[in-house]
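So the structure is just underneath, and the comments pick up after that.
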Amino acid sequence: MLELLFCSILTILPDYLVRRYVQGKRIGKEITFYSVWFELRWGITACVILTVCLITVIFYNHPSTTSATLYFRTVPILPETNGRVAEIYVRENGTIASGSPIFRLDSSKQQAALETARRKIAEVEAAIVIARAEIQKADGQVREAEGNLQLIVEELETKQELHRRSPGNVPLREIERLEVRAASTRGTVAAATAAKQATEIRVSEVLPAERASAEAELAQAQVELDKTVVRAGVSGRIEQFVLRVGDVVNPLMRPAGVLIPEGAGQRGLQAGFGQIEAQIIKEGMVAEVTCVPKPWTIIPMVVTSVQDFIAAGQFRGGEQLIDPQQVTRQGTLLVYLEPLYEGGLEGVTPGSSCIANAYSSNHDVIQARETSAVKRVVLHAVDALGLVHALILRLQACVLPFKTLVFSGH
């Protein structure tokens with residue numbers, strides 16, 4: 001409507017002035033309700049053409065959309081294991097800090113596993129003490145066997161010397177018997193030494209490995225016990241928390257509630273622009289938005305990112321081929337906007353609907369030396385039309401609260 005009024009001042013009004021003061025025609029006489037088209041046909045035609053051109057230029061070079069929303073992330077409250085709720089630490093709805101407990105599942109099974117792991121560690125430590133005592137015992141057996149061997153060897157050497165000097169004094173059978181005893185005692189020494197080495201290996205390698213395995217089982221049991229307490233991963237607010245003591249919770253069925261992170265939806269908003277504006281919207285473009293919860297307020301924004309894909313073309317592979325006719329709704333170009341100044345979105349409720357305008361700037365092209373004078377004039381005019389678009393947004397900001405009340409039924 002504003003564009004039509006502006007174009008009528010440049011077309012219909014001059015045409016009427018010529019008819020009235022140059023040709024002498026008067027309203028109600030020559031210019032009547034039925035002869036308006038014939039008398040002002042040139043002005044009306046030019047007004048329509050100029051309005052269409054003006055709207056095309058404005059909305060192509062300065063895109064606008066009413067599909068702008070402050071999307072925010074939500075975190076489902078889910079346990080990592082199945083179980084029955086034993087205790088609840090929070091209210092139904094309220095704020096919570098990061099790491100604070102939300103609810104606890106029945107942990108009798110996990111506590112039993114934890115106690116079993118602790119007892120196993122105690123058993124391994126007791127086995128280490130016993131094995132060290134066995135080392136001392138094996139060391140004594142080795143020394144005893146070595147002593148017996150030493151006695152037998154000395155007796156054997158003495159009798160061999162006597163037999164050499166006087167063969168009749170020491171029977172040969174006695175010497176053979178001592179030799180057999182010496183060989184048997186050497187085997188006893190070797191067996192005692194091997195037993196000592198085996199006990200030392202058990203103390204230095206086997207039992208420490210068993211203790212490490214038991215400590216790992218203890219740590220795993222502690223992790224399973226910790227999983228029974230569901231904690232908040234981020235600071236935020238809990239909503240739709242309807243869990244009660246005695247409820248059975250399964251992470252595959254439904255969440256216990258929703259955790260909205262602190263500051264969610266305050267960083268920026270996402271707007272869906274028409275596909276024809278993909279060549280105009282670029283990162284760094286200045287934009288303005290007005291939102292329903294904050295009427296009569298224009299928030300300066302800047303385009304930080306433009307999604308390279310349109311959601312309407314997304315498909316998931318299946319057993320049927322995709323028919324393009326099934327995509328009945330034309331997708332939009334997703335654009336990310338952030339406040340130009342810190343705290344720009346304060347007071348705007350996350351999830352609110354907004355109206356966004358983006359403004360193109362041809363300053364660099366205008367300042368370029370190779371740009372012709374005619375092109376500079378056209379680009380100056382295009383940038384100046386942004387003022388018209390900004391005025392339209394401000395009028396929408398004034399009308400938006402009343403429109404919301406009407407459509408909400410109030």
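The values are calculated or read from the model by the stated rules, or taken from the named source; none is laboratory data. Model, not experiment: these values are computed from the prediction. All Cβ positions, glycine included, derive from the backbone under ideal geometry; neighbour counts span all protein chains shown. Note: accessible area is taken over every heavy atom of the protein model, side chains too, but ligands, DNA and RNA are not part of it. Shrake-Rupley method; radii C 1.70, N 1.55, O 1.52, S 1.80 Å.
Name every residue in segment 24-75 that is of a type in the set (A, V, I, L, M, F, W, C) and exposed (fewer than 12 other Cβ atoms within 10 Å of the Cβ), in order of residue number.
Start the filter on segment 24-75 by keeping residues that are of a type in the set (A, V, I, L, M, F, W, C), which leaves 27, 31, 33, 36-38, 40, 42, 44, 46-50, 52-55, 57-59, 68, 70, 72, 75.
Correct list: F33, W37, F38.
Take the residues in segment 250-265 that are open to solvent by less than 60 Å² (accessible area, probe 1.4 Å) and among the aliphatic types (A, V, I, L, M), then tell me which one is nearest to E338 (Cα to Cα).
A264
Determine which single condition E80 fails, assuming it passes every other condition in (1) of a type in the set (D, E); (2) under 50 Å from the mean Cα position of the chain (by Cα); (3) open to solvent by less than 70 Å² (accessible area, probe 1.4 Å).
Of the numbered conditions (1) of a type in the set (D, E); (2) under 50 Å from the mean Cα position of the chain (by Cα); (3) open to solvent by less than 70 Å² (accessible area, probe 1.4 Å), the odd one out for E80 is (3).
May I ask you to list the residues in segment 282-304 that are modelled with pLDDT of 85 or more, closer than 10 Å to C354 by Cα and hydrophobic (A, V, I, L, M, F, W, C)?
V289, C291, listed by residue number.
Going by the conditions given, is G317 assigned to a loop (DSSP other than H, G, I, E, B), modelled with pLDDT under 80 and touching a Leu at 6+ places or on another chain (Cβ under 6 Å)? Can you show your working first?
Working: assigned to a loop (DSSP other than H, G, I, E, B): yes; modelled with pLDDT under 80: yes; touching a Leu at 6+ places or on another chain (Cβ under 6 Å): no.
Against the criterion (assigned to a loop (DSSP other than H, G, I, E, B), modelled with pLDDT under 80 and touching a Leu at 6+ places or on another chain (Cβ under 6 Å)), G317 does not qualify.
Taking E277, is it under 30 Å from R132 (Cβ atoms) and more than 27 Å from the chain's Cα centre (by Cα)? Reasoning before the result, please.
Values: under 30 Å from R132 (Cβ atoms): no; more than 27 Å from the chain's Cα centre (by Cα): yes.
Considered against the rule, which asks whether it is under 30 Å from R132 (Cβ atoms) and more than 27 Å from the chain's Cα centre (by Cα), E277 comes out as no.
Restrict the check to segment 111-124 and report whether at least one residue is closer than 30 Å to P251 by Cα, loosely packed, with under 13 Cβ neighbours inside 10 Å and among the polar types (S, T, N, Q).
The initial filter retains those residues of segment 111-124 that are closer than 30 Å to P251 by Cα, namely 111-118.
Now restrict to residues that are loosely packed, with under 13 Cβ neighbours inside 10 Å: 112, 115.
Adding the requirement that they be among the polar types (S, T, N, Q) leaves none.
Scanning segment 111-124 turns up no residue that is closer than 30 Å to P251 by Cα, loosely packed, with under 13 Cβ neighbours inside 10 Å and among the polar types (S, T, N, Q).
If I ask for residues that are within 14 Å of V75 (Cβ to Cβ) and part of a strand (DSSP E or B), which ones from segment 228-270 would you list?
Across segment 228-270, the qualifying residues are V230, R231, G236, R237, I238, E239, V258, L259, I260, P261.
Given the options T371, T349, name the one that is surrounded by fewer than 16 Cβ atoms within 10 Å (Cβ to Cβ), modelled with pLDDT of 75 or more and not in a strand (DSSP E or B). First the steps, then the outcome.
Values: T371 fails: modelled with pLDDT of 75 or more.
Result: T349 is the single residue among T371, T349 that is surrounded by fewer than 16 Cβ atoms within 10 Å (Cβ to Cβ), modelled with pLDDT of 75 or more and not in a strand (DSSP E or B).
Those residues that are in contact (Cβ under 8 Å) with a residue 24 or more places away in the chain and either touching a Lys or Arg at 6+ places or on another chain (Cβ under 6 Å) or surrounded by 15 or more Cβ atoms within 10 Å (Cβ to Cβ) (or both), I need them from segment 11-23; list them, please.
Restricting attention to segment 11-23, the residues satisfying the condition of being in contact (Cβ under 8 Å) with a residue 24 or more places away in the chain are 11-16.
Listed by number, the residues that qualify are T11, I12, D15, Y16.
How many residues are assigned to a helix (DSSP H, G or I) and either in contact with a helix residue (DSSP H, G or I) (Cβ under 8 Å, 6 or more places away or on another chain) or β-branched (V, I, T) (or both) when one looks only at segment 1-45? Before the answer, list the steps.
Quick first cut of segment 1-45, residues assigned to a helix (DSSP H, G or I) only: 2-10, 12-22, 36-39, 41-45.
Still in the running and either in contact with a helix residue (DSSP H, G or I) (Cβ under 8 Å, 6 or more places away or on another chain) or β-branched (V, I, T) (or both): 2-4, 6-10, 12-16, 18-19, 22, 36-37, 39, 42-45.
Summing the residues that are assigned to a helix (DSSP H, G or I) and either in contact with a helix residue (DSSP H, G or I) (Cβ under 8 Å, 6 or more places away or on another chain) or β-branched (V, I, T) (or both) in segment 1-45 gives 23.
Residues to consider are G257, G187, G274, G265; find the one that is more than 27 Å from I310 (Cβ to Cβ) and in contact (Cβ under 8 Å) with a residue 24 or more places away in the chain. Outline the logic, then answer.
On the way: G187 fails: in contact (Cβ under 8 Å) with a residue 24 or more places away in the chain; G274 fails: more than 27 Å from I310 (Cβ to Cβ); G265 fails: more than 27 Å from I310 (Cβ to Cβ).
Result of the check over G257, G187, G274, G265: G257.
Among the residues of segment 208-215, are any of a type in the set (A, V, I, L, M, F, W, C) and in a loop (DSSP other than H, G, I, E, B)? Spell out the reasoning first.
First, the residues of segment 208-215 that are of a type in the set (A, V, I, L, M, F, W, C): 209, 212, 214.
Still in the running and in a loop (DSSP other than H, G, I, E, B): none.
No, segment 208-215 contains no residue that is of a type in the set (A, V, I, L, M, F, W, C) and in a loop (DSSP other than H, G, I, E, B).
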